[in-house]
Amino acid sequence: MKNILVTGGLGYIGSHTVVALQQAGFNVFIIDDLSNTIINVWEKITEITNIQPIFYNIDLKDYNAVSVFFQSHKIDGVIHFAAYKAVGESVTKPLMYYRNNLVGLINVLQAMEEHDANNFIFSSSCTVYGQADEMPIHENTPLKKPESPYGNTKKMGEEIIEDFVNATNKNAIALRYFNPVGSNINGTLGDLQPIPTNLVPYILQIAIGNKSKLNVFGNDYNTKDGTAIRDYIDVNDLADAHVKAIQRLLLNQNKTKIEYFNLGSGTGSTVLEIVQAFENANHIKIPFEIKPRRAGDIEQAYADYSLAQKELNWCPKTPLQKSMQTAWNFQKQLTEI
Ligand code: UD1
């Protein structure tokens with residue numbers, strides 16, 4: 001049984017990936033500092049899989065603690081999710097983002113070098129493309145300066161990893177997610193945003209009655225209904241891609257020392273189409289109001305995922321309506337936590 005470390009394994013995408021790894025027969029270790037999640041997620045994972053992953057509450061900025069972990073366990077692969085991810089907060093607290101996201105990454109890579117762990121999957125983002133000139137976005141679409149310090153930590157993270165693998169015997173895959181949505185089937189895992197800023201978490205706040213209406217940021221974009229287009233990809237499909245990516249590295253099937261894959265549904269949806277999809281899936285009305293554009297937002301981004309399809313044998317399987325249902329299931333059961 002291969003040992004996989006999942007940093008940020010109690011977070012949104014991390015927890016779904018831990019479940020998928022356990023179901024695929026991997027032995028999973030989680031490192032999480034609980035800065036953006038709660039310990040109950042550990043129990044929820046165990047309830048789903050009947051296997052309790054080994055969990056360490058470690059701050060990745062503490063190199064000694066990271067090194068001791070690697071010394072104690074022979075790790076075959078690392079999937080690195082642990083990072084701050086609130087775009088707006090990163091603009092007001094850039095150093096906090098650079099320190100947390102980059103020092104954490106560097107410490108994990110250094111411990112891998114010191115303790116002979118060789119395979120690394122990085123949680124990257126479509127934010128590295130900025131507003132691309134052509135749609136859909138493929139992996140060799142030119143990168144642009146990201147709009148936020150958060151986005152920049154993803155771009156810089158990729159560069160750090162590239163330099164690192166080129167200097168060592170390590171291999172890496174960077175997975176560039178588009179907009180993750182949805183939850184596991186019965187909604188016990190999900191996106192625990194303390195102050196929701198992303199579109200679907202915000203819609204859930206309206207559905208549950210905590211907010212009265214959605215602010216739709218801009219209806220003057222050059223799109224079919226004037227609202228901005230994104231590519232919403234189900235979190236279970238993302239989890240599946242991580243399992244395939246780590247298997248690829250473990251089987252030495254990678255073609256270069258670092259590979260990049262887009263993970264999206266391939267379909268662009270406007271903000272109003274997401275509202276509609278949620279309403280149709282759950283029969284709940286989401287009142288909205290058109291507001292000015294949000295600073296830093298791009299007009300559109302959607303993925304060409306054909307490289308992931310070809311190389312990882314991955315394709316998105318979950319329809320948007322299903323993601324909207326599971327997201328709502330998650331919101332409903334949150335009160336029971
Ligand atoms: C942002 C980040 C992305 C990150 C993602 C999840 C950038 C450019 N994008 O994506 O890297 O992975 O968050 O953390 O840094 N909207 C509304 N009303 C709302 C909320 C959102 O109209 O209340 C609109 C936005 O203007 C946007 C769309 O919904 O057009 C999606 O927004 P959001 O869910 O915040 O994701 P992104 O900004 O695309």
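Quick notes
- Cα-based shape type of region 58-171, given that a ≥ b ≥ c are square roots of the gyration tensor eigenvalues and the cut on a/c is 1.5: oblate
- Only Cα pairs under 8 Å and 6+ residues apart enter the sum, and on that basis the relative contact order of region 51-176 stands at 30 percent.
- The listed peptides 317-326, 16-25, 192-201, ordered by packing as a protection proxy, come out as 16-25, 317-326, 192-201 (highest mean of other Cβ atoms within 10 Å first).
- Modelled spin-label separation between Glu279 and Lys213, with each label point placed 7 Å from Cα along the Cα-to-Cβ direction: 1.3 nm.
- Per-residue packing, averaged as other Cβ atoms within 10 Å, sorts the ranges 145-153, 93-101 into the order 145-153, 93-101, beginning with the highest.
- With Cα atoms, 0 to 90° folded angle of helix 320-334 axis to the chain main axis: 80 degrees
- Take every pair of alpha-carbon atoms less than 8 Å apart whose residues are at least six positions apart; their mean separation over the length of region 245-337 yields a relative contact order of 40 percent.
- The modelled label-to-label distance between Lys144 and Thr46, using points 7 Å beyond Cα along the C-beta direction, is 4.7 nm.
- If only the Cβ of Lys and Arg carry +1 and only the Cβ of Asp and Glu carry -1, the dipole of region 196-252 around its Cα centre is close to 120 debye.
- 30 Å Cα-Cα threshold exceeded, pairs from Lys144/Lys310; Lys155/Lys310; Lys44/Lys144; Lys61/Lys317; Lys154/Lys213; Lys154/Lys244: Lys44/Lys144; Lys61/Lys317; Lys154/Lys213
- Evaluating 6.51 cos²θ - 1.76 cosθ + 1.60 at θ = phi - 60° for every residue in region 140-149, the Karplus couplings come out as 9, 4, x, 7, 10, 5, x, 6, 9, x Hz, glycine and proline recorded as x.
- Cα gyration tensor, region 204-337 - rounded (a/c under 1.5), prolate or oblate: oblate
- Among 236-245, 283-292, 39-48, 178-187, the order from most to least packed when residues are scored by Cβ within 10 Å on average: 236-245, 178-187, 39-48, 283-292
- Cα shape, the chain, gyration tensor, a/c 1.5 rule: prolate
- Mean separation of Cα pairs under 8 Å and 6 or more residues apart, divided by the residue count, gives the chain a relative contact order of 19 percent.
- Segment Arg293-Gln321, length gained on full extension (0.36 nm per residue, minus Cα span): 7.5 nm
- Based on alpha-carbon atoms, the Kirkwood radius and the radius of gyration of region 206-258 give Rg/Rh equal to 1.27.
- Cα centroid separation - region 100-124 against region 1-63, whole Å: 16 Å
- On full extension, the segment bounded by Gln23 and Glu162 gains 47.0 nm, given 0.36 nm per residue less the C-alpha separation.
- Spin-label pair Asn64/Thr256, simplified geometry with 7 Å Cα→Cβ offset, distance in nm: 4.0 nm
- Across region 204-217, rounded Karplus estimates of 3J(HN,Hα) from the backbone phi angles (6.51 cos²θ - 1.76 cosθ + 1.60, θ = phi - 60°) give 4, 5, 6, 4, 7, x, 7, 10, 8, 8, 8, 8, 8, 7 Hz, Gly and Pro being marked x.
- Measuring nothing but alpha carbons in region 146-250 and taking Rh as the Kirkwood radius, the Rg to Rh ratio lands at 1.05.
Read-outs: derived from the displayed coordinates by stated rules, not from any lab. If you're wondering where the values come from, they're calculated on a predicted model, not measured in any experiment. Cβ: placed from backbone, ideal geometry, glycine included. Neighbour counts: every protein chain shown.
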